[in-house]
Every structure is written in C-alpha cells, then in structure tokens.
Amino acid sequence: MTRAAVFACSHRRGGNTDHAAELLAEGVRRAGGAADVYYVRNFEVMPCLACGYCDAPERTGRERCVLGPTDQAWDLFAPCLTARTILFASPIYFYHLPSRLKTWIDRGQQFWRARLDNEPWIADLPPRTAHAVLLAGQPTGEKLFDGARLTLKYFVHNFGMDLAAPLTLRGVDTRNDLRTKADFEARILALGRTAWETAD
Ligand SMILES: Cc1cc2nc3c(=O)[nH]c(=O)nc-3n(C[C@H](O)[C@H](O)[C@H](O)COP(=O)(O)O)c2cc1C
C-alpha cells in the first residue's frame, strides 16, 4: 500500500472539485507520498441492478457482481483495495453526493455482501482511514453535508476504512470560486498532507 487514491467527483470539468482533488494530491506529494487522481465522471459505471446475484456466497472477487468487468466500476474499486488511504473531493448536489458517484457507490453492495460472508479477500483488509472534502455553494444549511458524510462513511467501511470528519467548505459555487479563497486552498492542501502522514 504505497499510494493514495483521490476521487474527484464533480460532473463539471475544471471546477472547484477538480481543483480540490489536485490540491489533495499535491498535499500527499508534499508529505512524501504518491497519489493518483481518478475523475469519476470519466468512468463508465452501470447502476446496481438490485438483482441479488451478489448474495450467493460461492461468488468471490470480481465474480460477485453480475455486471463483473462489463464496465469500469472495478477500475475505481481496485485502488480502494490497495491504496494506503483514499480521499474524496465532492460537490454537494441537492444536499447529497453527485449521481455518478452515487451510482458507483451503489455498486459497492457486492463488497458489503462479501464482508457479511466474512470473505478473507475483503474482511482481512488492513484498517485504514479515508478522508473527504465536501464543497457547497450555499453559505447556510445545518444538515447540508450530513447525507454525503453518512454515505461515504458506510461506503468506505466496505474496504475496512473509517471516514475521518470531512472538511466541509461553504460558499464555493462558480467554477473558479475555490481559486479565490486561499484559506480554503491551504486547508485542502493540509488535509492531503495529514492524510498521508497519519496513514499506517
Ligand atoms: C445539480 C446541482 C445541485 C446542487 N445542489 C446544491 C445544494 O444542494 N447545496 C449547495 O450548497 N450547493 C449545491 N450546488 C452547488 C455546488 O455544490 C457548487 O457549485 C460546487 O462548488 C460545484 O463544484 P464544481 O465546481 O466542482 O462543479 C449544486 C450544484 C449542482 C450542479
């Protein structure tokens, strides 16, 4: 486990989230680590069919899901199994995560099921910590980040990870807003650095 995986989760290319993801990766590098950035919008991922195929305990690994390698979901799952830490940069859409990210997360049901069956390839993953920076346009909203945080928490649990308290940033809306807020940029950079330095 020698690399960090950063998931950039916005549908908008070159916006605040992409910039945040690149800052996270830069923070990791400044701490002496290595990071790969995955732009989730660029991966073709089918929605979970809720077909129950993954409930059969005799199916293991990539064979667990009926969709198997037919799309690129596993290109995103693979780093979750091998990375030293994973980091999400995501905008808030309607008080939650963007639909493309959520579509991929739902495909994580196969790992939830494998963990329930105590399959060693998933149950024996080392404990690790995941991190997130969540960006929202609104300046207010008490529960603005709650849905995103809970979904990420239970998603990363599939891979033996705890989710650290996310860095939540408000009032970041038009494409270049984050680039005008040096304090936010510094906090994101610091999160990348800390994520690497505190990983086991
Ligand atoms: C479909 C959609 C839904 C959004 N919903 C919310 C919302 O519920 N609350 C909020 O504060 N901002 C909301 N926003 C604003 C984005 O979170 C904000 O513009 C963010 O900075 C976008 O990041 P990006 O530049 O990476 O795309 C929404 C934006 C879009 C496109």
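The values are calculated or read from the model by the stated rules, or taken from the named source; none is laboratory data. Fair warning: this is a prediction, and the values are worked out from it, not measured in the lab. A quick note on method: Cβ atoms are made from the backbone with ideal geometry, for glycine too, and the neighbour counts reach across all protein chains shown. Just the protein is used for accessible areas: all its heavy atoms, side chains included, with ligands, DNA and RNA removed. Shrake-Rupley method; radii C 1.70, N 1.55, O 1.52, S 1.80 Å.
One residue stands out in region 83-102 among those that are hydroxyl-bearing (Ser, Thr, Tyr) and within 16 Å of the ligand (Cβ to nearest atom): the one that is surrounded by the most Cβ atoms within 10 Å (Cβ to Cβ), namely SER90. Among residues of region 156-178 being more than 10 Å from the ligand (Cβ to nearest atom), within 15 Å of ALA89 (Cα to Cα) and not aliphatic (A, V, I, L, M), the one that is least open to solvent (accessible area, probe 1.4 Å) is PRO166. Inspect region 103-122 for any residue being under 23 Å from ALA4 (Cβ atoms), of a type in the set (D, E, K, R) and away from the ligand (no atom under 16 Å from the Cβ) and give the result as yes or no. Yes - at least one qualifying residue is present in region 103-122.
Scan region 62-87 residue by residue and report those that are in contact (Cβ under 8 Å) with a residue 40 or more places away in the chain and farther than 14 Å from GLY108 by Cβ.
Taking region 62-87 as the starting set, the residues that turn out to be in contact (Cβ under 8 Å) with a residue 40 or more places away in the chain are 64-65, 67, 76, 79-87.
Within region 62-87, THR82, ALA83, ARG84, THR85, LEU87 meet the criteria.
Taken residue by residue, region 106-116 has at least one member that is more than 30 Å from THR140 (Cβ to Cβ), of a type in the set (S, T, N, Q) and open to solvent by less than 30 Å² (accessible area, probe 1.4 Å). Taken as a whole, the structure leaves ARG193 outside the set of residues that are open to solvent by 60 Å² or more (accessible area, probe 1.4 Å) and either within 16 Å of the ligand (Cβ to nearest atom) or among the polar types (S, T, N, Q) (or both). What pairs can you find where one residue is in region 1-26 and modelled with pLDDT under 95, the other is open to solvent by 60 Å² or more (accessible area, probe 1.4 Å), and their Cβ atoms are less than 7 Å apart, with a gap of 6+ or different chains? If the second residue must be open to solvent by 60 Å² or more (accessible area, probe 1.4 Å), the pairs left are MET1/THR82. Counting only strands (runs of 3 or more DSSP E) wholly contained in region 1-98, the ones carrying 1 or more residues that are acidic (Asp, Glu) and more than 24 Å from ASP117 (Cα to Cα) occupy 35-39.
Of these, PHE155, PHE184, which one is hydrophobic (A, V, I, L, M, F, W, C), in a helix (DSSP H, G or I), over 16 Å from the mean Cα position of the chain (by Cα) and within 29 Å of ARG30 (Cα to Cα)?
Selected residue: PHE184, the only one of PHE155, PHE184 that is hydrophobic (A, V, I, L, M, F, W, C), in a helix (DSSP H, G or I), over 16 Å from the mean Cα position of the chain (by Cα) and within 29 Å of ARG30 (Cα to Cα).
As a summary of the residue check, GLY14 satisfies the conditions (1) at positive phi; (2) within 16 Å of the ligand (Cβ to nearest atom); (3) open to solvent by less than 20 Å² (accessible area, probe 1.4 Å) except for the one numbered (3).
For VAL133, indicate whether it is within 14 Å of the ligand (Cβ to nearest atom), crowded, with 19+ Cβ neighbours inside 10 Å, modelled with pLDDT of 95 or more and part of a strand (DSSP E or B). Yes: the conditions hold for VAL133.
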